[in-house]
Structures are given as structure tokens and as C-alpha cells.
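Undergrad: Shown below is the structure under consideration.
The values are calculated or read from the model by the stated rules, or taken from the named source; none is laboratory data. The structure presented is a predicted model; accordingly, all values stated were derived computationally and were not measured. With ideal geometry, Cβ positions are generated from the backbone for all residues, glycine too; neighbour counts draw on all protein chains shown.
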Amino acid sequence: MRLEGEVAIVTGGSQGIGRGITELFGREGAKVVFADINEEVGQQTVRDFDQQGIQAFFKKTDVSNEESVINLVDYVVEEFGKLDILVNNAGITYRKAVHETTLDEWKKLIDINLTGAFLCSKYAIPEMQKRNYGSIINMASTHANTTITRLAAYATAKGGLTALTRQMALDYGKNQIRVNAVAPGSVESPMLQKTYEDLGDPEEAFKHTLEFNPMGRLGKVEDIAKVCLFLASKDSEYVSGQTIFVDGGQINKFARPIAFD
């Protein structure tokens, strides 16, 4: 029960990595409010958690909308009296190069993946400052550092997110608010499956991913959730401003394997 008594928000918490984080935080004793724009999926997730004996609370939220984010934070504070942990996980992706990306697509992705983290942090931080305590975890990606072709908006947003992480760690360290980023590699999730489908040959893409990873496997949602648990808990109380890569060592590999590799 490493988060007993803590109150957490997890954005994009209905599916994939966000759902895994919500589940683990709940099992570790936190009161977790998971936010998502899809109400139908969110309510089903609540029912699934109830059957597993996990207490989690759903709040429909558009993280790119300031009023919606304010309502989320207000709800959490009114219900639970405080806010200790924020996981900025909500995100989307497009498999497009710059010349293929429409302005509306660019704005939508940046609004959700980067501005959403800014807005949630903006309104969560004052609540954390009241108690001189808090942990913010931003869901970055290996694509912030080393990416692939035709992922322009996504890589840009994730790079911005790691820069925002460093900046907030500097600005709010005096309030004992720790800010870190987690950078997953290829993780079994609905987002990765969509990426494979967009490539046109999911089986070949999957094979290539395994060849490129030193550990020879995809990441699991649990792999990411466990690192988030560490960063949310007091076990990491002197860790701030860091980006932790959870990718099986993939970021260290320069190119596709060759015959003698």
C-alpha cells in the first residue's frame, strides 16, 4: 500500500497505459480519479474495476479545454480535500510527416498531448502548493529523443513534454513538488496497434519492433505503471526533473539489426 491516503488524477485513464496506472495506483491504496473524454468507455472501466475490487472514480474531461480541466481539479478537491499526484497521460497520435499533416491535426495533437499536460499541471499545482507536497508524472516517449519517419506532431509534442518536465521541476522544487517524465518504448496498447495498422503491414511492423529491441519483446502496460508508482510514491522523494526511459534498452540501439548483430 505504497500510496495509502494519497489522491491521484490520471488523464487518459480508461485504456492502455492510463488504465494500467489507474489500476495499480488503486491497488496501492490511492483514491484515483481517472479522466477521459470517452464517457462510455470510462463508465465501463469503472464497472470493470468494481468487479476487481478496485475503487476508482471517473470524470469525463477534455484535457485540451481549460474549463473542463478546472472542473476536473475542482471535483477532486471537493470530493477528497486535496490532490497529491497528477499523471498527464492523455494522448493521441498521427502517422504523418509535416507536409501530410493538416493544421487542424497538428493543433489537435498538440492541444491534447502537450497543452493538456500544461493545463492539468497549471490547476493541480496550486492545490499541491497548499501542502508543499506533490508528484507530477508526464507521459513522454522515446520519440522525444529518437524517433522514426512520419511522426512529426507526436514527436514534437513529446519533446516539448520533456522540456516542460524540466522547467516545472525547477520552478516548483521549492514547494516540494516533484516533476518527472516516463518515456515508454513500444508498449502493447490500443495506440500501438493503431500505429501498426496505419503502417499497412502490422505483422511486419511487429517483427521489426522485436528485432529492434535488445530485450526482444514489447513492453507491457504493467512495466510503465510500476515506474509511475515509484515516481508517485515516497520511494522517489529526491527524484525530480528526470525522464526515465522504459523501453527495454531500445533507445540505445542505433539502427536496424544487421547480419552479424
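Undergrad: Which count do you get for residues in the stretch 81-121 that are more than 18 Å from the chain's Cα centre (by Cα), surrounded by fewer than 17 Cβ atoms within 10 Å (Cβ to Cβ), outside any loop (DSSP other than H, G, I, E, B) and touching a residue at least 24 places away in the same chain (Cβ under 8 Å)?
TA: Result for the stretch 81-121: 3.
Undergrad: Restricting to strands (runs of 3 or more DSSP E) lying wholly in the stretch 1-80: which have 2 or more residues that are among the β-branched types (Val, Ile, Thr) and under 21 Å from THR115 (Cβ atoms)?
TA: The strands (runs of 3 or more DSSP E) meeting that bar are 7-11.
Undergrad: Is it the case that the stretch 55-65 has a residue that's surrounded by fewer than 19 Cβ atoms within 10 Å (Cβ to Cβ), at positive phi and at pLDDT 95 or above?
TA: Scanning the stretch 55-65, I find no residue that is surrounded by fewer than 19 Cβ atoms within 10 Å (Cβ to Cβ), at positive phi and at pLDDT 95 or above, so the answer is no.
Undergrad: May I pose another question? When the residues of the stretch 238-254 are filtered to those that are of a type in the set (S, T, N, Q) and under 13 Å from THR142 (Cβ atoms), which remaining residue is surrounded by the fewest Cβ atoms within 10 Å (Cβ to Cβ)?
TA: Filtering the stretch 238-254 for residues that are of a type in the set (S, T, N, Q) and under 13 Å from THR142 (Cβ atoms), the one surrounded by the fewest Cβ atoms within 10 Å (Cβ to Cβ) comes out as ASN252.
Undergrad: Further question on the same structure: Test ILE54 against the stated conditions and say whether it is under 21 Å from LYS194 (Cβ atoms), β-branched (Val, Ile, Thr) and either in contact with a helix residue (DSSP H, G or I) (Cβ under 9 Å, 6 or more places away or on another chain) or touching a residue at least 40 places away in the same chain (Cβ under 8 Å) (or both).
TA: Criteria not met by ILE54.
Let's see how each residue does on (1) among the basic types (Lys, Arg); (2) in contact with a Phe, Trp or Tyr (Cβ under 8 Å, 6 or more places away or on another chain); (3) over 22 Å from THR149 (Cα atoms):
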site: LEU210; (1), (2), (3): no, no, no
site: ARG217; (1), (2), (3): yes, no, no
site: LYS234; (1), (2), (3): yes, no, yes
site: ILE251; (1), (2), (3): no, yes, no
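Undergrad: Are there helices (runs of 4 or more DSSP H) fully within the stretch 166-237 with at least 2 residues that are surrounded by 19 or more Cβ atoms within 10 Å (Cβ to Cβ), under 14 Å from the mean Cα position of the chain (by Cα) and of a type in the set (A, V, I, L, M)? List them.
TA: Result: 221-232.
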